[in-house]
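The values are calculated or read from the model by the stated rules, or taken from the named source; none is laboratory data. Owing to the predicted nature of the structure, the values given are computational and were not obtained by experimental measurement. Glycine also receives a Cβ, built like all others from the backbone with ideal geometry; neighbour counts cover every protein chain displayed. These accessible areas exclude ligands, DNA and RNA; they are computed on the full protein's heavy atoms, side chains included. Shrake-Rupley method; radii C 1.70, N 1.55, O 1.52, S 1.80 Å.
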Amino acid sequence: MAKKKQKNGYDQTQHHTNPWLYSLQIGFFAGLIWGIVRWMFYEMKFTTIMPGFAADPFFKESFLKTGWGEVLGIAFFVLFSIAAAFLYKIALGKLRGPWPGVLYGAVWWVIIFIVAGPLLGIMEGIRKQGWNTLYTELCVFLLWGIFIGYSIAFEFTDEASREPIKIQ
């Protein structure tokens, strides 16, 4: 929603971003982009965690290893990312810079790979997974967290886009 006012030869546009719609978009694209990256790393054998790990409690592993299962797994990762983006907006939305996003991704990695994943039987414990899997997944989750955190922080702390534009 933009409001325009003219004053002293300047076109003053006030731009107001809907934080919930913006968080939905960021979560969608974070899940899509990093879900596809996770799938590529799985196909290249950098990680042994299936792309559909988030759908594991709801579907059989044999289905999740098929092409449609991998697509469904990416869709579940998108839904997970949307929820994570909303949670980031609520809890950490006022923080600036990339570091809160890095920490956010690291916390989610710990929750999924050390706490909830083995507890729910979605994946093996951290000691049974290889170093390649652990490093790959940690890096993806750090970048995923930066994507969500920095995107949200940049939109809501960026004042340059709200400066008046001179009419020529």
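Residue by residue, here is whether (1) among the hydrophobic types (A, V, I, L, M, F, W, C); (2) within 21 Å of Glu43 (Cα to Cα) holds:
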site	(1), (2)
Leu87	yes, no
Gly121	no, no
Gly130	no, yes
Leu134	yes, yes
Selected residue (criterion: nearest to the chain's Cα centre (by Cα)) from residues of region 49-66 that are assigned to a helix (DSSP H, G or I) and small (Gly, Ala, Ser):
Ala54
The condition from (1) closer than 15 Å to Glu137 by Cβ; (2) open to solvent by less than 80 Å² (accessible area, probe 1.4 Å); (3) not hydrophobic (A, V, I, L, M, F, W, C); (4) not in a helix (DSSP H, G or I) that Gly97 misses is numbered (1)
Return the residue satisfying two criteria in turn: it lies in region 100-158 and is among the charged types (D, E, K, R) and surrounded by 14 or more Cβ atoms within 10 Å (Cβ to Cβ), and of such residues it is modelled with the highest pLDDT.
Glu137
